[in-house]
Amino acid sequence: MHINFTPLGRKVKKSNFSHWIFLAPCLMVLVLSAGWPLLRTIYFSFTDATLDNLKEINFIGVENFISLARDQDWWQAVLNTFLIAFVSVPMETILGMIIALILHRNFRGRGLMRAIVLIPWTIPTIVSARMWAWMLNDVYGIVNELLLRAGVIDSPIPWIASSSLSIVSMILVDVWKTTPYMALLLLAGLQGLPQDCFEAAEVDSIPFGKSFVKIILPLMKPTIIVAVIFRTLDAIRIFDLVYILSSGNSANATMSVYARKHLVDYADVGFGSAAATALLFFIAFLSVFYVSFNRKKLYNVG
Amino acid sequence: MKIYLKLLTVFAAAFLCFFDANCATIKIACKAKGREAELIEKATKEWMKSYKGEHSVEIITLPRASNECLALYLQWLSAETFDVDILQVDLAWIGMLADYLHPLDEFLSEEEADVSDYFPVIKKHIYHNGKIVVLPWYADCGVMYYRTDLLQKYGKPVPQSWEELHEIALYIQNEERKDPLKRNKFYGLGFPAKAFEELTCSFLELVDSFGGAIIKDGKVIVNSNECVKAVKFLVHSFGSIINRGAVNHSGEEIRGLFQSGNSVFMRNWPYAWSLMNEQTAEVAGKIGVIPIPPSAKGGKPSGTLGGWSLAVSKYSKHPHISADLAKFMTSKEQQRVRSEFSYLPARASLYRDSKVLENNPFLGYMYKPLRNSVARPSKIFGKNYQRASTEIFNAINTIITESVESENFQEKDIKKYLDRLARKLNKILEKTSPPPVSKKKVSLPKGEGFLYRIKKFFGLSN
């Protein structure tokens, strides 16, 4: 039972029930928009459903998952996904932190600067991916043109065509796109920190490097952890960037691209759902791991 | 003001329609973008006029990539939607979509049902279970474009074979690259090798021109000597006359290369012709087109057929009126109008009409490629065609990527990759044939429903 105080200091009893009534519409929407499709996908993953036959379906047990585990392309996709996620997220965090620290200072035009920094994040991914695909084109892309003119390279580089470079390009574009988001989250965290610590540090004339390591980082830990969890889970679902930038070869696919191919292109709803469910499993596993690993730290500081 | 009037008439028409069961809004899904959108709009307006505005037409624009259109169709049709009446269908999809398409024989007069005028490869693809299910709209066929001015400048003939093409392309490439501005950008041949349907098409015609095939008489022969030779040639070309980046280029990107004057030859579809001859294009008036050449002089030229047609959805509420619109859009007159914008007629007689040819010499160039065109193995793979096509373009894309990047790549590896591809295609073929009859659900015996399901779920019951 919750006990709240009115401004006059009187005790008000609230039933446990009323908040459920207020939450109900929101929960309904969540269940209908997220829960139902999710359950349906999991259900389909144990069947032989196809896109043209969603009604008369047979249960086939874990057969879909067995063939998924045997598929080399799937494991390649898993590897690609984690490579992208685990390289791009740390880079975004570090760059985001630097940008957040700069934007946290008082300087003229700070508001404008904050707006400008957000631009990559506000462009829809499909659009920015297309844009980058043109810029990275090996023959008439502007990136090669500039590098050639500057004399850095002497023959054009196939940025998104070579199998090793294309994953590097995808990571770079992802970093370009998502760093502003990271910066925004971290900036919000920075602004919530108690100012007195900084003032004290200033009075004691502690160098910035030391105050960053000793004051800012420990205080920012909860924010950083939450931001990293958010981004990692987001990065594992990466789809549009890969779909547009990669050559379409299965060797460059990520998990969600793989799932889409089977679900939609091959019309194999059962198997595609199994892949989607496996992706869900990875995300669930990671978030449980993250949360339980960080729970103590989160509570201690935050 | 004008827009209000327009809206008013639309509402009035909708209001009247509500009471009049005879009038309908026909929704047509087609690749209506840019120039094509104008053509389609004009045609549908003409059709509406012929009915004095009794019926109206709504155009639904499809995605650019054709495999995405197919995915969209499968979603629509499996949901039994009546939001779409007419579909623009690739002839290679008939095997996958036929169950959803309305048979059209009942709407066709004897004259209209006469298919003898269509190209033979197209003719083969319009039937399902002996009934006409699609009306051919325009033909598409892989062709080789070349720069007439560059061949003239270096005194080279129009190539008669792949071998000759390679030689000419390499020579001109080396000469043109002496210009410092073109040093890093000029290539002999533009070839779309992105892992998409288009690569299956360009691979198929290459193999065909080398005398091979992917499937022959129901047997997968993609690892035959002819195919190995064809792939060897492709790999060799990637080392010399094709840009490395082409591994991630579709036809549109390749058109950018050719249109900006940076290659001598280009493999593409006919639609590119009218776009590249627009006044603003750098290469306007300097282009010629030939069929995909044979491997050696005197062989059979080739080109993958990619014809488009119109079909009526089984779930359409107005199949009769929809069929009428589809008939109008695919009529000989409409095909003639579209041919001026390099959408090739599916009817052979238009290519012999001297009046048409006078206005549009391009049709004259295209007759030969179309006669020699080769169809994708979509009928054999039926519902699994997309899967087979993916295996094919994946394998070819991988071979090219490996050959360009890995130093250990040897020519004998090509055979290994093609053997693996053949095994995969055979597996898909096994799955496909006998052609899947609509699956009947095995109804669960009563009384043991839940337990039976759980057991079956874990694979404990048979």
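The values are calculated or read from the model by the stated rules, or taken from the named source; none is laboratory data. On a predicted model such as this, the values are computed, not experimentally measured, just so you know. Don't worry about glycine lacking a Cβ; one is built from the backbone with ideal geometry, like all the others, and counts go over all protein chains shown.
Just a few scattered comments:
- Number of positions in the stretch B:341-388 that are outside any helix (DSSP H, G or I) and either aliphatic (A, V, I, L, M) or under 19 Å from the mean Cα position of the chain (by Cα) (or both): 13
- Meets criteria (among the hydroxyl-bearing types (Ser, Thr, Tyr) and within 24 Å of B:Tyr146 (Cα to Cα)) for B:Tyr365: yes
- Top-ranked residue of the stretch B:403-427 - restricted to ones that are without any contact (Cβ under 8 Å) to a residue 40 or more places away in the chain and under 19 Å from B:Tyr385 (Cα atoms), ranked as surrounded by the most Cβ atoms within 10 Å (Cβ to Cβ): B:Lys424
- Considering the stretch B:247-271, and only residues there that are within 12 Å of chain A (Cβ to nearest Cβ) and in contact with an Asp or Glu (Cβ under 8 Å, 6 or more places away or on another chain), the residue that is nearest to B:Lys194 (Cα to Cα) turns out to be B:Ser250.
- Only listed residue being part of a strand (DSSP E or B), surrounded by 21 or more Cβ atoms within 10 Å (Cβ to Cβ) and in contact (Cβ under 8 Å) with a residue 12 or more places away in the chain, chosen from B:Ser309, B:Ser322, B:Ser316: B:Ser309
- Residue match in the stretch A:12-26 (condition: among the charged types (D, E, K, R) and at pLDDT below 90): yes
- None of B:Lys431, B:Lys427, B:Lys446 is modelled with pLDDT of 90 or more and either more than 10 Å from chain A (Cβ to nearest Cβ) or in contact with a helix residue (DSSP H, G or I) (Cβ under 6 Å, 6 or more places away or on another chain) (or both) except B:Lys427.
- Selected residue [assigned to a strand (DSSP E or B), touching a residue at least 60 places away in the same chain (Cβ under 8 Å), among the small types (Gly, Ala, Ser) and surrounded by fewer than 22 Cβ atoms within 10 Å (Cβ to Cβ)] from B:Gly299, B:Gly288: B:Gly288
- When residues in the stretch A:117-134 are screened for being hydrophobic (A, V, I, L, M, F, W, C), under 19 Å from the mean Cα position of the chain (by Cα) and in a helix (DSSP H, G or I), 6 of them pass.
- When the stretch A:116-145 is filtered for residues that are under 22 Å from A:Tyr243 (Cβ atoms) and among the polar types (S, T, N, Q), the ones remaining, listed by number, are A:Thr122, A:Thr125, A:Ser128, A:Asn137.
- Qualifying residue in the stretch B:61-82 (condition: surrounded by fewer than 15 Cβ atoms within 10 Å (Cβ to Cβ), away from every other protein chain (no Cβ under 14 Å) and modelled with pLDDT under 90): yes
- Exclusive hit being part of a helix (DSSP H, G or I), within 14 Å of another protein chain (Cβ to nearest Cβ) and within 31 Å of the chain's Cα centre (by Cα), set A:Leu184, A:Leu165, A:Leu172, A:Leu190: A:Leu165
- If you filter the stretch A:57-80 down to residues that are of a type outside the set (D, E, K, R) and in a loop (DSSP other than H, G, I, E, B), you find that the one that is modelled with the lowest pLDDT is A:Ile57.
- In the condition set (1) of a type in the set (A, V, I, L, M); (2) in contact (Cβ under 8 Å) with a residue 12 or more places away in the chain; (3) farther than 30 Å from A:Ile116 by Cα, A:Val288 is compliant with all but (2).
- Out of B:Val283, B:Val289, one residue alone is away from every other protein chain (no Cβ under 14 Å), among the aliphatic types (A, V, I, L, M) and more than 19 Å from B:Ala139 (Cα to Cα). It is B:Val283.
- Among the residues listed as A:Arg114, A:Arg149, the single one being assigned to a helix (DSSP H, G or I), within 14 Å of another protein chain (Cβ to nearest Cβ) and surrounded by fewer than 17 Cβ atoms within 10 Å (Cβ to Cβ): A:Arg149
- Which listed residue is in the same structural domain as B:Lys383 (by TED's automatic domain parsing), of a type in the set (S, T, N, Q) and out of contact with any Gly (no Cβ under 6 Å at 6 or more places or on another chain), from B:Ser161, B:Ser109, B:Ser116, B:Ser78: B:Ser161
- Leading residue by the ranking (surrounded by the most Cβ atoms within 10 Å (Cβ to Cβ)) among those in the stretch A:204-240 that are of a type in the set (S, T, N, Q), part of a helix (DSSP H, G or I) and without any contact (Cβ under 8 Å) to a residue 40 or more places away in the chain: A:Thr223
- Residue list for the stretch B:203-227, restricted to those being over 18 Å from B:Phe381 (Cα atoms) and either without any contact (Cβ under 8 Å) to a residue 40 or more places away in the chain or within 14 Å of chain A (Cβ to nearest Cβ) (or both): B:Val207, B:Gly212, B:Ser224, B:Asn225, B:Glu226
- Selected residue (only one of B:Glu282, B:Glu252 is modelled with pLDDT under 90, among the acidic types (Asp, Glu) and part of a loop (DSSP other than H, G, I, E, B)): B:Glu282
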